[in-house]
Amino acid sequence: MSTLKAAVLMGSNSDLPKIQGCIDTLRKLGVETVVRVMSAHRTPDLVAEFTERAEQDGFGVIIAAAGGAAHLAGAVAAHTLLPVVGIPVEGGALHGMDALLATVQMPGGIPVATVGVGSGGATNAGLLAAQILSLADPALRQRLKEDRAARREKVLAADADLQKSL
């Protein structure tokens, strides 16, 4: 297990299937992961309270996933110096483009690292959070190296299968 935990916050329960890859990635890498629903607009007091206590509660990174207005990552970042990774959740009339722009366009001074819209973005959020935590955790860094090597082997195997079928 990583020595520091990761928090995964989502604006709505309906976001869970879209960010499950993030949670699965963190847990596969041995990162203790706490998953919560809280809204920048409907529960701003809860967001502030959780975020302000996160560091003393043993968290090393916070991932915030939201669609639509997608202000959760920014609201979180405003209340902590911990790294914040934003996942713009796909959906709605603009298919996640509104969430992407709301997450990535933070004002200077309140940074949010933002990953792409879609399942690849959720997986990358988990990997990025693990990489951040691995700066202080050599065992987690080794697990990340092994994960990267396994991903490489999967591509090589797919290519070998393709070459056999041609």
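If the condition is being out of contact with any helix residue (DSSP H, G or I) (no Cβ under 8 Å at 6 or more places or on another chain) and within 17 Å of residue 23 (Cβ to Cβ), then segment 121-142 contributes 121, 124, 128, 132. Of everything in segment 1-52 that is in a loop (DSSP other than H, G, I, E, B) and in contact (Cβ under 8 Å) with a residue 60 or more places away in the chain, the residue that is surrounded by the most Cβ atoms within 10 Å (Cβ to Cβ) is 11.
Among the residues in segment 153-161, are any in contact with a helix residue (DSSP H, G or I) (Cβ under 7 Å, 6 or more places away or on another chain), among the charged types (D, E, K, R) and surrounded by fewer than 19 Cβ atoms within 10 Å (Cβ to Cβ)? The answer is no; no qualifying residue exists.
The number of residues in segment 65-117 that are small (Gly, Ala, Ser) and open to solvent by less than 20 Å² (accessible area, probe 1.4 Å) comes to 9.
Restricting attention to segment 113-145, the residues that are part of a helix (DSSP H, G or I) and over 16 Å from residue 67 (Cα atoms) add up to 19.
The values are calculated or read from the model by the stated rules, or taken from the named source; none is laboratory data. Nothing here was measured: the structure is a model prediction, and the numbers come from that model. Every residue, glycine as well, gets a Cβ built from its backbone with ideal geometry; the counts of neighbours run over all protein chains shown. Keep in mind that these areas ignore ligands, DNA and RNA; they rest on the heavy atoms of the full protein, side chains included. Shrake-Rupley method; radii C 1.70, N 1.55, O 1.52, S 1.80 Å.
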